[in-house]
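Q: Just passing along the structure, written as structure tokens.
What follows draws every value from the coordinates through simple rules; no lab data is involved. Since this is a predicted model, take the numbers as computed values, not measurements. When we count neighbours, we look across all protein chains shown, and the Cβ atoms used for this are built from the backbone with ideal geometry, even at glycine.
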Amino acid sequence: MTHKTLPKIELHTHLEGCAPPAFIRGLAKEKSLDISGIFNPDGTYAYRDFDHFLQVYEAACTTLQSPQDFYRLVKAVLEESASHGVVYQETFVSPDFCGGGDLAAWRDYLAAMESAAAEAEAEHGITLKGIITCIRHFGPDAAKPTAICAVETFGDFITGFGMAGGEMVGRPGDYDYAFDMAREAGMPLTCHAGEWGGPDMVADTLRDLKVQRIGHGVNAIQDTNLVAELADNGVTLEVCPGSNVFLQATGGWSDHPIQKLRDAGVKVTVSTDDPPFFATTMTHEFDMLARTFGWGDADFNEINQTALEAAFCDDATRAKIA
Ligand code: ADE
Ligand code: ZN
């Protein structure tokens with residue numbers, strides 16, 4: 001059973017986290033950077049746990065040093081996504097990894113990504129939108145220039161604002177300045193919560209940052225009242241089951257809360273997060289959901305419809321990908 005050719009809409013990926021290890025090794029070689037410690041002997045990324053994953057991720061990012069590097073990254077990532085039937089993808093992009101949060105530098109990186117995305121759309125029929133993302137463990141002060149980059153470049157390609165990184169650093173409200181700025185500019189919002197934190201982290205994120213979507217959110221399952229609230233308020237969860245299973249944020253596939261959340265009426269979508277880091281693809285996610293929970297075409301159509309409705313894009317784009 002393979003779902004490779006089924007059309008898919010993916011809302012939660014991290015651009016650098018989609019970089020194949022061979023791509024990063026190639027850049028390191030070109031630039032004579034020694035990052036051999038981040039790879040296993042078989043060439044895959046090597047890390048022990050989530051905190052180490054974040055360190056390895058940032059080490060991989062040190063090879064991405066120019067707009068041209070990001071142009072090549074976007075081309076490689078979209079070719080791979082399209083090969084798994086992805087027709088629309090949203091990806092987190094971080095000015096911190098593109099010139100260190102400087103607006104002028106960010107504009108150059110963004111132009112390179114946009115031209116790569118336009119070419120990939122023409123070549124593979126896949127549409128990419130970017131969500132500017134601050135990095136939680138870089139702290140609230142670093143989130144402010146990130147928000148400035150976001151509001152200054154909000155438009156056709158940059159369509160939302162969010163936060164990734166170490167979830168257990170600080171509280172969501174510490175980042176309210178950046179989220180307020182983005183919201184006041186009219187940007188749709190999402191934030192990682194409930195991947196490592198408990199239901200309280202999801203509830204505080206909704207209350208203090210007023211986001212429409214939650215990245216992961218799976219630990220909400222521990223609080224029945226919160227689950228009912230998510231369902232009542234139409235909050236969309238960007239669920240990444242393969243990532244959760246690989247990082248042991250949840251139990252195995254059969255224990256994954258996606259089915260229970262869906263049964264409770266919560267809007268759930270399916271994404272890969274950082275596919276080469278977690279040995280997954282959108283095909284693998286769909287195959288495992290079919291095998292574990294018996295999902296069939298009607299279920300995948302519903303998931304795609306939920307993702308389409310929650311996508312941070314304009315109605316013209318929505319109509320194009322529907
Ligand atoms: N950055 C890249 N992947 C992430 C994840 N799964 N959670 C938080 N931050 C991330
Ligand atoms: Zn993520």
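Q: Using a Gaussian network model of the chain with C-alpha springs under 10 Å, which one of Asp42, Asp174, Asp96 is most mobile by mean-square fluctuation?
A: Asp42
Q: Continuing with the same structure: Taking square-rooted eigenvalues a ≥ b ≥ c of the alpha carbon gyration tensor, is the range 185-246 rounded, prolate or oblate, where a/c under 1.5 means rounded and, failing that, a/b exceeding b/c means prolate?
A: oblate
Q: Go ahead and set up a Gaussian network model of the chain, Cα springs under 10 Å, then flag whichever of Gly160, Gly85, Gly217 fluctuates most.
A: Gly85
Q: Contour minus end-to-end for Ala279 and Arg291, with contour as 0.36 nm per residue of separation and end-to-end as the Cα-Cα distance?
A: Here the answer is 2.6 nm.
Q: Taking the beta-carbon count within 10 Å as an exposure proxy, list Thr272, Thr62, Thr127 from fewest neighbours to most.
A: If I rank by nearby Cβ atoms, fewest first, I get Thr62, Thr127, Thr272.
Q: For His192, His14, which order do you get if you count the other beta carbons within 10 Å of each Cβ and list the fewest first?
A: Ranking His192, His14 by Cβ neighbours within 10 Å, fewest first, gives His14, His192.
Q: Now a separate question. What nm value, rounded to one decimal, do you get for the distance between Ala122 and Asn225 when each label is placed 7 Å out toward the C-beta?
A: 5.6
Q: Is the chain rounded, prolate or oblate when judged by the Cα gyration tensor, a ≥ b ≥ c being the square roots of its eigenvalues, rounded requiring a/c under 1.5 and prolate requiring a/b larger than b/c?
A: It comes out rounded by the Cα gyration axes.
Q: Ranking Met168, Met201 by Cβ neighbours within 10 Å, fewest first, what do you get?
A: The order, fewest Cβ neighbours first, is Met168, Met201.
Q: Rounded to the nearest 5, what is the percent of antiparallel bridges among the DSSP beta bridges in the chain?
A: For the chain, the DSSP antiparallel bridge percentage is about 5.
Q: Quick one: grab the alpha carbon gyration tensor of the range 141-283, order the square roots of its eigenvalues as a ≥ b ≥ c, and give me rounded if a/c is under 1.5, else prolate or oblate depending on whether a/b is larger than b/c.
A: prolate
Q: Can you give the extra length, in nm with one decimal, that the chain gains between Gln305 and Glu152 once fully stretched, where that is 0.36 nm per residue apart less the Cα-Cα distance?
A: 52.0 nm
Q: Go ahead and collect, in residue order, the members of the range 184-199 whose backbone nitrogen is under 18 Å from a label point 7 Å along the Cα-Cβ direction of Asp174.
A: Of the residues in the range 184-199, 191-199 have backbone N under 18 Å from the label point off Asp174.
Q: Step through the residues of the range 310-322 one at a time and calculate ³J(HN,Hα) from phi using the Karplus curve (6.51 cos²θ - 1.76 cosθ + 1.60, θ = phi - 60°), rounding each to whole Hz and writing x for Gly and Pro.
A: With coefficients 6.51, -1.76 and 1.60, one gets 8, 4, 8, 9, 7, 5, 5, 5, 4, 5, 5, 8, 5 Hz.
Q: Gain in length, Lys320 to Ser36, computed as 0.36 nm per residue apart minus the alpha-carbon separation, to one decimal in nm?
A: The span from Lys320 to Ser36 would gain 98.0 nm if fully extended.
Q: With only Lys, Arg, Asp and Glu charged, each at its Cβ (+1 for the first two, -1 for the last two), find how big the charge dipole of the chain is about the Cα centre; round to the nearest 20 debye.
A: For the chain, the charge dipole is close to 320 debye.
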